[in-house]
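Take a look at the structure below.
The values are calculated or read from the model by the stated rules, or taken from the named source; none is laboratory data. This one's a predicted model, so the numbers in the text were calculated from it and none came from an experiment. FYI the Cβ positions are ideal-geometry reconstructions off the backbone, even for glycines, and counts take in every protein chain you see.
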Amino acid sequence: MRTREQILNHQLYKQFQKALTDYSMLADGDRILIGLSGGKDSLCLLEMLARRQRIFKPKIEVEAVHVRMKNIHYESDTSYLERFASEHGVKLHIINTEFDDTKKSDKPACFLCSWHRRKALFHYAQEADFNKIALGHHMDDIIHTAMLNQFYQGSFSTMPAVMQMDKMPLTIIRPLCLIKESNIQEYAELCRYEKQIKTCPYEKQSNRTDMRRVFEEIEHINPEARYSIWHALEKEGKLISINDE
């Protein structure tokens, strides 16, 4: 009899493969760089893509990068990340960046930290000749973003499953887009993924955290709400984009 971990692994990988197919995420010869933050989502993504890398067609090459922010106390155990990546046959690169968090800005520190880490990721991907970047956003992340954009910006949009950048030769893919966060959380616990040493100090102050609570209430009222929102995003063509973030 299979264990719960094995059953969940099969379920997650099946949804992962469906996302790759439904949104045409892979092409033969792709060089894919995983943005490895050290959280459960990016660890799961690395595990799934490492497994997919062993399939011959389409042939892909996968590596990972961990971006360290020097001046923000948001830290992962890099020795664990190196060991985890090595065990799955994925080469890990570690790079550093920073920004001046004492300088006044109309943008919140959470946004600035994320923007600078993303900038470093894009720069490294192009410098090392990768054509795709894989990020660990799951279905909940994409739905929460859609709600945030509606409530705070008055637009029906979200982070797409596939986004081809128009100002640089990169495509962003989100292979976990069909997976619920709760399933990744359970799998991470069963696999004993190590947690980050320090989580983001701004996490509890964000609108995204509030939106997570709102969506939990909505799902309590209607457990099918996530699929209704997802189908609406698909219908309006919001999950595939050729644009710059």
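Side notes on the structure shown:
- Output for region 41-60, where each listed residue is surrounded by 14 or more Cβ atoms within 10 Å (Cβ to Cβ) and over 12 Å from the mean Cα position of the chain (by Cα): 47, 48, 49, 50, 51, 52, 53, 60
- Candidates 17, 6 - the one that is in a helix (DSSP H, G or I) and either farther than 19 Å from residue 178 by Cβ or among the hydroxyl-bearing types (Ser, Thr, Tyr) (or both): 6
- So residue 87, is it on the phi < 0 side of the Ramachandran plot, crowded, with 16+ Cβ neighbours inside 10 Å and modelled with pLDDT of 95 or more: no
- Hits in region 17-40 (condition: surrounded by fewer than 20 Cβ atoms within 10 Å (Cβ to Cβ) and closer than 19 Å to residue 121 by Cβ): 30, 31, 39
- None of 148, 92 is at pLDDT 95 or above and touching a strand residue (DSSP E or B) at 6+ places or on another chain (Cβ under 6 Å) except 92.
- Where residue 221 falls short, out of the listed (1) in contact with a helix residue (DSSP H, G or I) (Cβ under 9 Å, 6 or more places away or on another chain); (2) surrounded by fewer than 17 Cβ atoms within 10 Å (Cβ to Cβ); (3) β-branched (Val, Ile, Thr): (1)
- In region 33-84, the qualifying residues are those that are under 20 Å from residue 110 (Cβ atoms) and part of a strand (DSSP E or B), and the one that is modelled with the highest pLDDT is 35.
- Meets criteria (at pLDDT 95 or above, part of a loop (DSSP other than H, G, I, E, B) and surrounded by 16 or more Cβ atoms within 10 Å (Cβ to Cβ)) for residue 99: no
Each row is one residue, and each column tells you yes or no for (1) closer than 12 Å to residue 90 by Cα; (2) in contact with a strand residue (DSSP E or B) (Cβ under 6 Å, 6 or more places away or on another chain); (3) of a type in the set (Asp, Glu).
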site	(1), (2), (3)
36	yes, yes, no
44	no, no, no
47	yes, no, yes
53	yes, yes, no
57	no, no, no
62	yes, yes, no
66	no, yes, no
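- Residue within region 24-32 that is outside any loop (DSSP other than H, G, I, E, B), out of contact with any helix residue (DSSP H, G or I) (no Cβ under 6 Å at 6 or more places or on another chain), among the charged types (D, E, K, R) and over 24 Å from residue 95 (Cα atoms) present: no
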